[in-house]
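Following: one structure in structure tokens, then a few remarks.
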Amino acid sequence: PLQPKEVVYVVRPGEALTAYPVKLLAERGFIEDRIADRDVVVVATADGSGGRAYDRHGLEFVSFDSQKRNLKDSAGREWRVTESGLEGPGGEERERLPGHNSFWFSVLNHTRDGRLYGE
């Protein structure tokens with residue numbers, strides 16, 4: 001279990017909420033998940049202090065280059081991670097989803113429907 005003051009990156013694309021431990025996100029670089037009916041990818045910020053979440057629309061990512069800020073999908077195509085969204089090789093885009101950093105205790109105290117990634 002997380003300590004109450006551990007920092008999480010909270011993603012809430014609709015009513016459902018998922019919290020991702022920032023330490024875990026920084027270690028992995030990216031996490032694929034499903035929140036309610038949406039496929040999401042959460043990417044660590046360059047400094048490892050938070051994240052950014054994007055709607056994957058069924059894409060599967062296999063690696064992340066933290067220097068170039070690129071995700072590689074299962075077809076070998078590179079997607080550039082930007083503040084506004086993911087930019088694909090053919091001009092395709094995937095939207096950024098609402099998210100913010102928070103302490104874990106705050107998530108526990110202010111939501112009934114939230115979940116911690118991995119639990």
query: From the list Ala46, Ala26, which one is hydrophobic (A, V, I, L, M, F, W, C), on the phi < 0 side of the Ramachandran plot and modelled with pLDDT of 95 or more?
result: Ala26
message: What pairs come out if I take residues in the range 50-62 that are surrounded by fewer than 20 Cβ atoms within 10 Å (Cβ to Cβ) and pair them with residues that are of a type outside the set (Phe, Trp, Tyr) and in a loop (DSSP other than H, G, I, E, B) whose C-beta lies under 7 Å away, six or more apart or interchain?
response: Glu60/Ser74; Val62/Ser74
field: Residue that is farthest from Ala75 (Cα to Cα) [pool: residues in the range 38-49 that are more than 10 Å from the chain's Cα centre (by Cα) and in contact (Cβ under 8 Å) with a residue 40 or more places away in the chain]
entry: Ser49
message: Can you find a residue that is buried (at least 17 other Cβ atoms within 10 Å of the Cβ), of a type in the set (Gly, Ala, Ser) and either touching a residue at least 60 places away in the same chain (Cβ under 8 Å) or not in a helix (DSSP H, G or I) (or both) anywhere in the range 79-92?
response: yes
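From Glu15, Glu32, grab the single residue that is within 21 Å of Glu119 (Cα to Cα) and outside any strand (DSSP E or B). Lay out the reasoning, then the answer.
On the way: Glu32 fails: outside any strand (DSSP E or B).
Criteria check complete, one pass: Glu15.
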- line: Exception for Phe105 within (1) assigned to a strand (DSSP E or B); (2) modelled with pLDDT under 95 falls at (1)
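The values are calculated or read from the model by the stated rules, or taken from the named source; none is laboratory data. Given the structure is predicted, the values throughout are model-derived calculations rather than measurements. Cβ sites come from the backbone with ideal geometry, for glycine too, and all protein chains shown count toward neighbours.
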